[in-house]
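The next block holds one structure in the form of structure tokens; read it before the comments.
The values are calculated or read from the model by the stated rules, or taken from the named source; none is laboratory data. On a predicted model such as this, the values are computed, not experimentally measured, just so you know. Note: ideal-geometry Cβ built from the backbone for every residue, glycine included; neighbour counts use all protein chains shown. These accessible areas exclude ligands, DNA and RNA; they are computed on the full protein's heavy atoms, side chains included. Shrake-Rupley method; radii C 1.70, N 1.55, O 1.52, S 1.80 Å.
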There are 2 protein chains.
Amino acid sequence: MTNVLKPALTSTVIALDAMGGDDGSAMVIAGAALALERYPKLSYIIFGDEARVRPHLDRFPALAAVSELRHTADFVSSETRPSLALRQGRKSSMRLAINAVAAGEAVSVVSAGNTGALMAMAKFVLKTMPGIDRPAIATVFPTQKGECVVLDLGANLECDAENLVQFALMGSIFCNAVLGVSQPSIGLLNIGVEEMKGHDEVRTAAAILRERPLPGTFHGYVEGNDIMAGTVDVVVTDGFSGNIALKAVEGTAKFMAHILKQSLQGSLWGKIGYLFARGCLQKMRLRADPRRYNGAMFLGLQGVCVKSHGGTDQEGFANAIGVAHDLVAHRFNERIGEELARHYGAAESDHVVTIESVAGEID
Amino acid sequence: MTNVLKPALTSTVIALDAMGGDDGSAMVIAGAALALERYPKLSYIIFGDEARVRPHLDRFPALAAVSELRHTADFVSSETRPSLALRQGRKSSMRLAINAVAAGEAVSVVSAGNTGALMAMAKFVLKTMPGIDRPAIATVFPTQKGECVVLDLGANLECDAENLVQFALMGSIFCNAVLGVSQPSIGLLNIGVEEMKGHDEVRTAAAILRERPLPGTFHGYVEGNDIMAGTVDVVVTDGFSGNIALKAVEGTAKFMAHILKQSLQGSLWGKIGYLFARGCLQKMRLRADPRRYNGAMFLGLQGVCVKSHGGTDQEGFANAIGVAHDLVAHRFNERIGEELARHYGAAESDHVVTIESVAGEID
């Protein structure tokens, strides 16, 4: 029933939802081929419409050799309400890919489809881990000092103190697995660093985090600017603020790139300067390239589920597969289970998960 | 009792809290002198410790000629709890400056001090406008298309739907007064643009905004990246998310400037390119210069109250005074009163404001 205590699998079979993302199956298949070059031990079970997926697969013989394509005509669109996807999408490529993880056929699912539907289905099929009330979405941000992990990015619009504490715990293990940081520093996102700031949930979470032993160190409150400054290794917040921060960061990076381009193109000197500095500017672009940071993980589920940005390309999708690979290779889920047992004592999940309960929490 | 229905004053007397801000009175006085060059009709009542303020004032004879310095040794520190400032700071420079607006001696107060204390005192002394439940903090952001107004930036950590609707109304009048946009488009910040997204408060606010006549047009939901993309003229959100978005934007702009500098300094070609493009890059820096966007307005009070960033310099503080000037010149507060009367019918404020009620809401 649970993946938590299983040892990491020796071969890495990844279930792919080939029908998610703006660019659909072409991007997914090309991304899978790229990831295979980087991680030659990967193999795939690919779910999607055979008539649409097969032609792309045929372009990559090495990929085709390690992939099993399972046909389904049904898929979840980006506009579908998560509760509806959960009720009516039982034959969808997304759902079947998640089922493959639950059945132990694959160690991870990667999808570029509808985030809410993916979360609802993953929560219903894979279940949350014992000791975790709500899964959270985490990803890696570039910072002035390196990289940091931010969560929750949109799975939970409202969070109580205990949810935030669980996010801190999962986030620091994620940070260790993906960024290799031992004893990550953890910051709680707030509107000021003074002790009195913030609403009740945040202040109570801070009080708990100061007391409880953690797989990291609690730094205290951080503010929005601390994310990119690299003040801490893990930034913990609710899904509403986290999603807005994530997209505000993306928007600002685009704005800065836009005005840089405008400035350089606005005069002859700027154009000449660009010719010289082009290589440097490309390196800079690479460092902030959102494709490098593609692949958000749903933490707290009994199975590894990675969400790729819908609007990414093959490079971005390959990176999302890379995140799934690293999490499995570092026995990420097993370690969360071990930490939870260490902090809370061994406990079975006492959540009775039904379609109705998941649908009620999600939409 | 109320400034709402008074005509705009012909002379513009501004009350300054000379003791706020990291750099204190030197920055405030130099900023006031700079603003006076830009708006020669300004005059000031300056509140602060005479022994500390007078030497700075003496350096600017033109400023000294239009300023009245009123001595008080008491001031509010940046660490003071707002409720404590409210109870014990009755003789502080911040409080006396606000009192001057309430007494009709000045048309606006500008302070670089403790935001929470300034809001608590301003709310207690000036009162909220009839029809407005909670004041909000608004400021102007640069965007790819020009500029936009964002509110609330931290006055209200939790907001109900009606608060958000009132922010939309005040924000669009602010946008008109400060940016000159007639019929601004208004977006409600959310984690997706689909109708079903977001928590109850946001969805209810959207439903009301779709129906109610506004001094602008309701665009619908926007996401974090839309702020800097310039998708709408006014972005409305609660104070927690707004503050985090504001600071995430600041942090990202710093991050981008940092990696740009690193990239250019990292190679000879980059350094040569920089020599050519220097002028352009300085223009770019100017466009995103946070000092240009300094001066956050407390909307919804019976008096104009502008908060300057504590860490700004004279240029930034002069811009904050400029915001106060523009709001008074455009009869901003009177127009909010007129709009409220138009939408809700003429009503007197039914809030009984006591120190206890304000302190309870603020800390």
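At-a-glance table
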quantity: About the Cα centre, charge dipole magnitude for segment A:133-292 (Lys/Arg +1, Asp/Glu -1 at Cβ), debye; calculated: 1300
quantity: Calculated P(r) of segment A:133-292 - Cα pairs past 25 Å, %; calculated: 35
quantity: Whole-Hz couplings from phi, Karplus 6.51/-1.76/1.60, listed for segment A:71-86; x for Gly and Pro; calculated: 6, 8, 7, 7, 8, 9, 7, 6, 8, 5, 5, x, 5, 5, 4, 5
quantity: Partner aspartates and glutamates for residue A:145 [C-alpha distance under 12 Å; skip if fewer than 8 residues away on the same chain]; calculated: A:226, A:233
quantity: Pairwise label distance in nanometres, residue A:38 with residue A:62, each label 7 Å out on the Cα-Cβ vector; calculated: 1.4
quantity: Extension gain, residue A:84 back to residue A:329 (0.36 nm per residue minus Cα-Cα distance, nm); calculated: 84.8 nm
quantity: Of A:82, A:142, A:55, the one that fluctuates the most in a GNM where chain A has Cα springs shorter than 10 Å; calculated: A:55
quantity: Antiparallel bridge percentage (DSSP; both residues within the protein assembly as shown; nearest 5); calculated: 25
quantity: Descending principal axes extents, segment A:195-277, alpha-carbon based, whole Å; calculated: 59, 23, 20
quantity: Shortest-first nm distances, residue A:58 label point to equivalent points in other copies (7 Å, Cα→Cβ); calculated: 9.0
quantity: Solvent exposure of the protein assembly as shown as accessible area per residue, Å², 1.4 Å probe; calculated: 39
quantity: Nearest-10 value in Å² for the accessible area of residue A:261, using the 1.4 Å probe; calculated: 120
quantity: Within straight-line cross-link reach of residue A:197, aspartates and glutamates at Cα separation under 14 Å, skipping those fewer than 8 residues along the same chain; calculated: A:223, B:79, B:158, B:361, B:363
quantity: Chains A and B together, accessible area buried on both sides, 1.4 angstrom probe, square angstrom; calculated: 5300
quantity: For residue A:71, label point 7 Å along C-beta direction: distances to other copies, nm; calculated: 9.3
quantity: Residues whose placed amide H lies under 5 Å from that of residue B:108, excluding near-sequence neighbours; calculated: B:15
quantity: Segment B:141-258 - share of DSSP beta bridges that are antiparallel (%, nearest 5); calculated: 15
quantity: Interchain or long-range residues, amide H under 5 Å from residue B:67's placed H; calculated: B:44
quantity: Cα shape, segment B:80-158, gyration tensor, a/c 1.5 rule; calculated: prolate
quantity: Radius, Kirkwood style, for the protein assembly as shown when every pair of distinct Cα atoms is counted (Å); calculated: 27.1
quantity: In range of the label at residue B:289: residues from segment B:162-190 whose backbone nitrogen is under 17 Å from the point 7 Å along Cα→Cβ; calculated: none
quantity: Teacher prompt: residue A:158 distances to equivalent labels in other copies, 7 Å Cα→Cβ, nm; calculated: 0.8
quantity: Eligible lysines near residue B:91 by straight Cα distance, threshold 23 Å, same-chain separation 8 or greater; calculated: B:123, B:127, B:307
quantity: Under-5 Å amide H pairs with residue A:309, H placed in peptide plane, nonlocal only; calculated: A:295, A:296
quantity: Gyration tensor (alpha-carbon) shape descriptor, chain A, a/c threshold 1.5; calculated: oblate
quantity: Cα centroid separation - segment A:96-163 against segment B:143-201, whole Å; calculated: 30
quantity: Accessible carbon and sulfur surface of segment A:171-326 relative to its total accessible area, %, 1.4 Å; calculated: 52
quantity: Selection from A:237, B:286, B:252 lying farthest towards where the dipole of the protein assembly as shown points positive, charges on Cβ; calculated: B:286
